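For reference, the structure is listed below as structure tokens.
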Amino acid sequence: MEEFNIDIKNNNDITILYLDGFLDAHTSGELEKSFEKLIEEKKYKIVVNFDKLSYISSAGLGVFMAYIETMRNNNGDVKLSNMSDKIYNIFDMLGFPILFEIYKEEQTALEKFNQ
Amino acid sequence: MTNANKIVISSSTKNLAKVRNFVENKAVELGFDSNEINQIILSVDEACTNIIKYTHNFNESENIEVITESKNKEFRIIMKYRGRDFDPNKMEEPNMKEYFNNFKVGGLGIPMMKKFMNKVEYHHVNPDMNSLTLIKSLQNSR
């Protein structure tokens, strides 16, 4: 069975979400819940690490679109990192780099929040 | 109920992984490369997700029949399902600049399907039956 898991770590005022597995219309609700909880906790600076994500469909892309405006309106952002070429190609083909900052390394994404 | 070229799932997103695995195995057998395989399974996932959400309204008593065929250097994935008439080819392409400027959500499944597959064919077969076919060409002689 293909699964999806999220690990959450904090780095000062930045929250890092580690995605693992398959993000589709069945599992994207889990990611939505995580974003809702972060907003409740007033955590708006988010890095999403895709290193262990094997698959993403448009349902997964939709979650990032749904929350980026709220994060930016509260002096935060959703920065993305560590995508495989396969995952990056999906984001790129649809033009997501126009709106989202996408970095090869998590560390670079973290540093950008402090610049 | 499955055989070599067909799988029938109940209309639920929990079955998307099953469909992806079924189609992936066929695409591997036909010799598509990993990038093409990802495009194919993503397109089938998007098609089934739309049927489950918008045609069947998550009603798990409905079914989707997924059939694979290969002929004349084409891989065809056919989805047969009951429900209202909706031709994805009649949907307008979104303006992505406007999409991002307005932080829009959703509506990318059909554009992805059209971008990643060579052809999308839709037929409303009888008053309550639909057939959606996604076609990917085998580029090289394999």
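The values are calculated or read from the model by the stated rules, or taken from the named source; none is laboratory data. All of these numbers come straight from a predicted model, not from anything done at the bench. Cβ atoms come from the backbone with ideal geometry, glycine included; neighbour counts cover every protein chain shown. All accessible areas refer to the heavy atoms of the entire protein, side chains included, with ligands and DNA or RNA removed. Shrake-Rupley method; radii C 1.70, N 1.55, O 1.52, S 1.80 Å.
Please work out whether region A:1-52 counts as rounded, prolate or oblate from its C-alpha gyration tensor, where a ≥ b ≥ c are the square roots of the eigenvalues and a/c under 1.5 means rounded, while otherwise a/b larger than b/c means prolate and anything else oblate? Verdict is oblate for region A:1-52. Over region B:1-44, the Kirkwood radius and the radius of gyration, each from Cα atoms, give a ratio Rg/Rh of 0.98. Neighbouring Cβ atoms from other chains, within 10 Å of the Cβ of residues in B:100-111, number 5 on average.
The solvent-accessible area of A:Glu41, taken with every protein chain present and a 1.4 Å probe, is close to 80 Å². Here B:Met96 sits with roughly 40 square angstrom of accessible surface, probe radius 1.4 Å. Estimated at the nearest 10 Å², the accessible area of B:His56 is 10 Å² with a 1.4 Å probe. Taking every protein chain into account, the accessible area of chain A amounts to 49 square angstrom per residue (probe 1.4 Å).
Taking the accessible area of chain B, probe 1.4 Å, and keeping the other protein chains in place, the carbon and sulfur fraction comes to 45%. Summarising the amide proton neighbourhood of B:Leu138: residues at separation of 5 or more, or on other chains, whose placed amide H is nearer than 5 Å comprise B:Glu74, B:Phe75. Quick check: at a probe of 1.4 Å, how many percent of the accessible area of chain A sits on carbon and sulfur atoms? Carbon and sulfur atoms account for 41 percent of the accessible area of chain A. Close amide-amide hydrogen proximity is noted between A:Lys45 and A:Thr15, A:Asp77, each under 5 Å apart and 5 or more residues distant or on a separate chain (H modeled in the peptide plane; Pro and chain starts excluded). Look at the alpha carbon pairs under 8 Å that are at least 6 residues apart: their mean separation over the length of chain B gives a relative contact order of 27 percent. Semi-axis lengths, largest first, of the ellipsoid equivalent to the protein assembly as shown are 34, 19, 17 Å, with √(5λ) applied to each eigenvalue of the Cα gyration tensor. Largest GNM mean-square fluctuation among A:Glu101, A:Glu40, A:Glu32, using chain A with Cα springs under 10 Å: A:Glu40. Rounded to the nearest 500, the helix-only mean residue ellipticity at 222 nm of chain A stands at -12500 deg cm²/dmol, with each DSSP H run of n ≥ 4 adding -39,500 (n - 2.57). Rounded to the nearest Hz, the phi-derived 3J(HN,Hα) couplings of region B:114-131 under the Karplus curve 6.51 cos²θ - 1.76 cosθ + 1.60 (θ = phi - 60°) are 6, 6, 8, 9, 6, 7, 10, 10, 10, 9, 8, 6, 9, x, 9, 10, 10, 9, where x marks glycine and proline. In the context of the full set of protein chains, residues of chain B present 50 Å² of accessible surface per residue (probe radius 1.4 Å, heavy atoms only). Remark: region A:57-74, residue by residue, has Karplus-estimated 3J(HN,Hα) of 10, 5, 5, x, 4, x, 5, 5, 5, 5, 10, 5, 5, 4, 5, 5, 5, 10 Hz, where x stands for each Gly or Pro and the curve is 6.51 cos²θ - 1.76 cosθ + 1.60 at θ = phi - 60°. In percent, rounded to a whole number, the relative contact order of chain A is 24, using alpha-carbon pairs under 8 Å and six or more apart. Scanning residues 5 or more positions from A:Asp51 or on other chains, those with amide H under 5 Å from its amide H are A:Leu19, with H placed 1.01 Å from N in the peptide plane. Ordered from longest to shortest, the equivalent ellipsoid semi-axes for region A:4-101 are 20, 15, 13 Å, each the square root of 5 times a Cα gyration tensor eigenvalue.
For the chain pair B and A, the interface hides roughly 2200 square angstrom of accessible area in total, found with a 1.4 Å probe. In plain terms, if you count all Cα to Cα distances in region B:2-137 and split them into 10 Å steps from zero, the share in each step is 12, 43, 34, 10, 1 percent.
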